[in-house]
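Below is one structure, written out as structure tokens; the observations come after it.
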Amino acid sequence: MPDGFIVVDKPDGMTSHDVVARVRRCFGIKRVGHTGTLDPFATGVLPVAIGGGTKAIQFLDESVKEYRAVMRLGSATDTQDCTGTVLFEGDCSAVTPELLQNVITRFLGSISQTPPMYSAVKQGGVPLYKLARKGETVERAARNIFIESITVDSFQLPDVALTVRCSKGTYVRTLADDIGKELGCGAHLVQLRRTASGPFDLSGSVTMAELTADGAGAALQSRITAIAAALKHLRTVRLDAAACHKVRHGIALQREDVAADAGLILAGETVQLLCGDAPAAVAESEPSWGEPGARLRLLRVFDQDCPLHSAR
């Protein structure tokens, strides 16, 4: 079973944990975990790590995400989506495409956003949604997020279809709620579909039907993105057999352990160490590579066999 990531096109009504359970059964493996939780009503890209891929989750570059959403003007709900209770109703008949675009512009770039009560953010070790279900509301610290773009795809009151490109940690339903407040009529999401999360998108995704089909575990192995490919945003440093041996035993690499053509590695830079074409580890330079005593401190060692030793 290859280690890596498979992109699941999550359907409406399933939790992200439900998807993980299906993937476990499909491939017959316990070490499975997802990145970037999707709300049960949301659909689309859910990257799922398999085997050693779970060790690589923290090093993924999922800084940019893309969503397609349908925002309904004229009412706001306690969950900020269509699953909640209506808290406010307003008249949206005076909203024009020009007015909407003017308001949307205020949310572009770096902004501050307060996580919704119905979210998995923990406060005092307790997920906010558990407090919300008890009818409790607590103060939440605002977060800095970045909205790269908001495109209006269709405007048919009371519904507006949007494509949003944003930073990790952005709540699109909170964005819709805030836009509704600015318009004065309220708003909530009725559809949310994630189309991309960092290097993962819908083009290589698998459906629930594919995951549950007979023989799916074997049939879908070719759809798994290898760890090295998922971490392609990191500089790659290729190791010889001796350096691979050190890494496999958790020993940090000194400057002389790495080929000269690796180039200058900056202080604090994170790199991917490859043994042949297989990921050996993720490491961080300390101090700068050209300074005395420079080394690559191992952040995470992957447990794959070293092909350079296997070939002996």
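With 10 angstrom as the radius, rank L220, L273 by how many other C-beta atoms surround their C-beta, starting from the fewest.
Fewest to most other Cβ atoms nearby, the residues stand as L220, L273.
Just in the range 159-255: which trypsin sites (Lys or Arg not before Pro) are loop by DSSP and have at most 16 other Cβ atoms within 10 Å?
K168, K232
Quick one: net charge of Y129's neighbours, Cβ under 15 Å, K/R +1, D/E -1?
Once all neighbours under 15 Å are counted, the net charge is +2.
For Rg and Dmax of the Cα atoms in Å, one of (i) 22.9, 75; (ii) 18.5, 59; (iii) 22.5, 66 was computed from the structure I shared and the rest are decoys. Which label?
Comparing each candidate, only (i) matches the computed number.
List I227, I57 from most exposed to least, where exposure is judged by having the fewest other Cβ atoms within 10 Å.
Going from sparsest to densest Cβ surroundings: I57, I227.
Give the distance, in whole Å, between the Cα centre of the range 1-65 and the Cα centre of the range 100-145.
Centre-to-centre distance over Cα atoms comes out at 23 Å.
Where does the chain land at 222 nm, in deg cm²/dmol rounded to the nearest 500, when only DSSP H runs of n ≥ 4 count, each adding -39500 (n - 2.57), divided by all residues?
Calculated at 222 nm, the ellipticity per residue is -5000 deg cm²/dmol.
Please report, in debye to the nearest 20, how large the charge dipole of the range 1-108 is about its Cα centre when each Lys and Arg carries +1 at its beta carbon and each Asp and Glu carries -1 there.
Roughly 660 debye, rounded to the nearest 20.
Where a ≥ b ≥ c are the square roots of the eigenvalues of the C-alpha gyration tensor, would you call the range 156-237 rounded, which needs a/c under 1.5, or, failing that, prolate if a/b is larger than b/c, or oblate?
oblate
Using the Cβ atoms and a cut-off under 11 Å, what net charge is assigned to the surroundings of D240, where Lys and Arg are +1 and Asp and Glu are -1?
+1
Once a ≥ b ≥ c are taken as the square roots of the eigenvalues of the Cα gyration tensor of the range 64-197, is the result rounded (a/c under 1.5), prolate (a/b larger than b/c) or oblate (a/b not larger than b/c)?
Cα axes put the range 64-197 in the oblate bin.
About the Cα centre of the chain, how large is the charge dipole given +1 on each Lys and Arg Cβ and -1 on each Asp and Glu Cβ? Please answer in debye to the nearest 20.
For the chain, the charge dipole is close to 880 debye.
What ranking do 75-84, 136-145 get when scored by the average of other Cβ atoms within 10 Å per residue, highest first?
75-84, 136-145
In degrees, nearest 10, range 0 to 90: what is the angle between the Cα axis of helix 16-27 and the longest Cα principal axis of the chain?
40
Bear in mind these aren't lab numbers, they're just calculated from the coordinates by the rules spelled out. Being a predicted model, the structure only gives us computed values, none of them experimental. Glycine also receives a Cβ, built like all others from the backbone with ideal geometry; neighbour counts cover every protein chain displayed.
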